[in-house]
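Every number in this text was worked out from the coordinates using simple rules, so none of it is lab data. Just so we're clear, the structure is a prediction, and the values are computed from it rather than from any experiment. Positions of Cβ are generated from backbone atoms using ideal geometry, with glycine treated the same way; all protein chains shown enter the neighbour counts.
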Amino acid sequence: MKEIRLKYGCNPNQNLARLYMEQGELPVEVLNGNPGYINFLDALNGWQLVKELKLALGLPAAASFKHVSPAGAAVGIRLDDDLKKSFFAEDIKGLDDSPLACAYARARGTDRISSFGDWIALSDTCDAVTASVIRREVSDGVIAPGYTEEALKILSGKRKGKYNIVRIDDSYRPHPLERKQVFGVTFEQARNDANISESILSNVVTKQKNIPDRARRDLLLSMIVLKYTQSNSVVFAYGGQTIGVGAGQQSRVHCTRLAGNKADLFNLRLHPKVLALPFLSGLSRPERDNAIDCYLTDYRAILAPDEWPRFFASRPERLTTYDKESYLRGITGVSLGSDAFFPFSDNIDRARRSGVFYIAQPGGSVRDADVIEACDRYGIVMSFTSLRLFHH
């Protein structure tokens, strides 16, 4: 197939839209549904990300994409009981036996508010357990190199039979040059084929030098995620997954603040008071997500006398500012990747407040010495990768 007609472009008024190849066959096949323009942008970017994660880290990978940036990405590491509860995945049968399902549960769990209505990318053939995780979540579609018969049956029944399912040819290799048009003008550049491997972590510029294996894994994961995140961007990672993605900001420190704030919310979802919230039975996952988000950011609203009975069987105990700060002070060992250099040390100050102890960034700022000094003050290990990863 050389062409797929799309229902419309980025917006319904852009009613002429298609996906096509000038030469050769399209590497994608729609097995179910009718994906749109933005769906395919998310699908093709997400596929590249998870394929690269799998190659670099040797584990099945998954990504949750929204508006051409990942809301979360992860590799297939088992979840502990608290993570399962935080991700509403404690009752999924066979989860521990499917690394791919674990990867998607983690990717979705990075930022469940942002992942609402996501596009999913999977590095491996989708199995029935992964399909059962996807079936539970509000999602637009999925791309994978294949689907088991049972998984395809499960997914095809989603959204009243209209769920978007795309298969991609794992052997497809794109042309080394890529083009796009803006305002009728054609841009051309070499594809970003930068190889992100452990070699980019060799230039450690801080007094602290040791990067443990788990942090190396998380730093590589963060850098690969950055490669497919709209710039400027910063990624916080821990445990083989993203925990905060700050994308598309004009200021570097705003990227760091956004990613750090999301990482804080991710970690606070694991606070005992949050895990013990007395939700009403029958409350949907999105309703619980919204209630948790409000509980953590605007407790006065969610705990108001006329509000809490809509979500909880009993009025929850308030999570105070002191509770939050005390809990977050115990977070440590977080890794951070940045797609370009840090121009000021304020990024380091903010990162440390969210438990960052390992950083990978290109370096090259006129204030590199100030940034290094800030890392040394906190005992942070930082590597200069000399690799900028802007993505537009």
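Structure above, values below:
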item: For segment 76-140 and segment 234-255, distance of Cα centres in Å; result: 20 Å
item: Top of V50, V204, V185 by mean-square fluctuation, Gaussian network on the chain, Cα under 10 Å; result: V185
item: Relative contact order of the chain, pairs being alpha-carbon contacts under 8 Å that are 6 or more residues apart, as %; result: 15 percent
item: Segment F187-D376, extension gain: residue separation times 0.36 nm, minus the distance between their alpha carbons; result: 63.8 nm
item: DSSP-defined beta bridges in the chain - what % are antiparallel, rounded to 5; result: 70 percent
item: Taking S156, S251 and counting other C-beta atoms within 10 Å, the order from fewest to most; result: S251, S156
item: Three-way shape label, segment 61-149, alpha-carbon gyration tensor, a/c 1.5; result: oblate
item: Surrounding net charge for F390, when Lys and Arg each add one and Asp and Glu each subtract one, Cβ distance under 11 Å; result: +1
item: Local net charge near D170, Cβ-Cβ under 12 Å (Lys/Arg +1, Asp/Glu -1); result: +2
item: Two-site label geometry, R135 and Q250: point separation in nm, points 7 Å out along Cα→Cβ; result: 4.7 nm
item: Inter-label distance for S197 and L283, nm, one decimal - labels placed 7 Å from Cα along Cα-to-Cβ; result: 4.9 nm
item: Contour excess over end-to-end distance, with Cα ends at D96 and R159 and 0.36 nm allotted per residue; result: 20.0 nm
item: Fluctuation leader among G157, G240, G363 - the chain, Gaussian network, Cα springs under 10 angstrom; result: G157
item: Antiparallel %, DSSP beta bridges [both residues in segment 266-392], to 5; result: 10 percent
item: Point-to-point label distance, E307-D170, nm (Cα→Cβ direction, 7 Å offset); result: 4.8 nm
item: CD proxy at 222 nm, helix term only [per DSSP H run n ≥ 4: -39500 (n - 2.57); per residue of the chain; nearest 500]; result: -10000 deg cm²/dmol
item: Chain lengthening between L55 and K209 when straightened (0.36 nm per residue, less Cα-Cα); result: 52.8 nm
item: Kirkwood hydrodynamic radius over Cα pairs of segment 304-392, then Stokes diffusion coefficient at 25 °C and 0.890 mPa s, in µm²/s; result: 158 µm²/s
item: Max mean-square fluctuation residue, GNM over the chain, Cα-Cα springs under 10 Å, options R300, R285, R353; result: R300
item: Exposure proxy order (Cβ contacts within 10 Å, fewest to most) of M21, M382; result: M21, M382
item: Size descriptor, Kirkwood hydrodynamic radius, that averages inverse alpha-carbon separations across the chain, Å; result: 21.8 Å
